[in-house]
Structure formats: C-alpha cells, structure tokens
Amino acid sequence: MTNLELEFKDKIISAPLLDNRVISITITQKRDNIEINFGGMDFAPPEMPVSRTWFNGQLKLGDDLLVSVKSYADIHVSSQVDEHVFTPYTETDEEKIRIYHSLKKKLENAGML
C-alpha cells in the first residue's frame, strides 16, 4: 500500500492513497494566521462520500513541511482521522414546486413562455 506522509514539527501524519480517494494539503492565510489542512474525500460508494481530516494546524514563519510518498513498509505511524459522511440532499416536494414556480416566472418575464 502507498501512503502520503506529512512531516511537520514533531508529527508524522500518514494517509493511505486508495482508489476513489482524493487527498489534499491546503495552506490558508487569514490575516496573521496561517493554517494547514491535510485532508481528503473518499468517493466509494459515490452516493455517500466521506470527508476525512488527518491533520489541522497552525503554521508560523520558518516552519518546515516535508511531504513524501511512502510504501506501506516505510510507514511507522498510524494516523488518526476525523470522518464526516455526507448524506445525499433530496429536495422536498414543496421545495421542488417553489423552484418550479420561480423558474417559470423568470421564463415568463423573459418572454420565453
């Protein structure tokens, strides 16, 4: 098995690279605050995607990050993961009727109906 590994300060965070999985490392600056997120999404099964977060943290000037692709034999640490299952959103009949009437009105105002 192949893993993506992030080394940050005294932490080693590892995430398995699997089929139907997207992994990303995002760095965001909000004013003086720099944040790092090591997360991803599993799309198997596609109708029930799962969001995963292996690490969230703060960065400071001078911090070093090392990202590596490692084979299973190289992995020394099993990382914890926060998961969130996305439930499919289905509109109620009332919402569908409201949307229908709203779109119908726009088409009538545009002279298309």
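Apart from one condition, Asn3 fits all of (1) assigned to a strand (DSSP E or B); (2) modelled with pLDDT of 90 or more; the exception is (2). Within region 67-100, the residues that satisfy the criterion of being exposed (fewer than 10 other Cβ atoms within 10 Å of the Cβ), at pLDDT 70 or above and more than 30 Å from Leu4 (Cβ to Cβ) are Thr92, Asp93, Glu94. Annotation: of all residues in region 53-62 being farther than 14 Å from Asp32 by Cβ and touching a residue at least 12 places away in the same chain (Cβ under 8 Å), the one that is nearest to the chain's Cα centre (by Cα) is Thr53.
Entry remark, region 12-41: residues being exposed (fewer than 13 other Cβ atoms within 10 Å of the Cβ), in contact (Cβ under 8 Å) with a residue 12 or more places away in the chain and not in a strand (DSSP E or B) number 2 in total. Just one of the numbered conditions (1) at pLDDT 90 or above; (2) assigned to a loop (DSSP other than H, G, I, E, B); (3) surrounded by 10 or more Cβ atoms within 10 Å (Cβ to Cβ); (4) of a type in the set (Gly, Ala, Ser) is not true of Ala44: (1).
The values are calculated or read from the model by the stated rules, or taken from the named source; none is laboratory data. As the structure is a prediction and not an experimental result, all values here were calculated from the model. Using ideal geometry, Cβ is built from the backbone for each residue, glycine included, and neighbour counts are taken over all protein chains shown.
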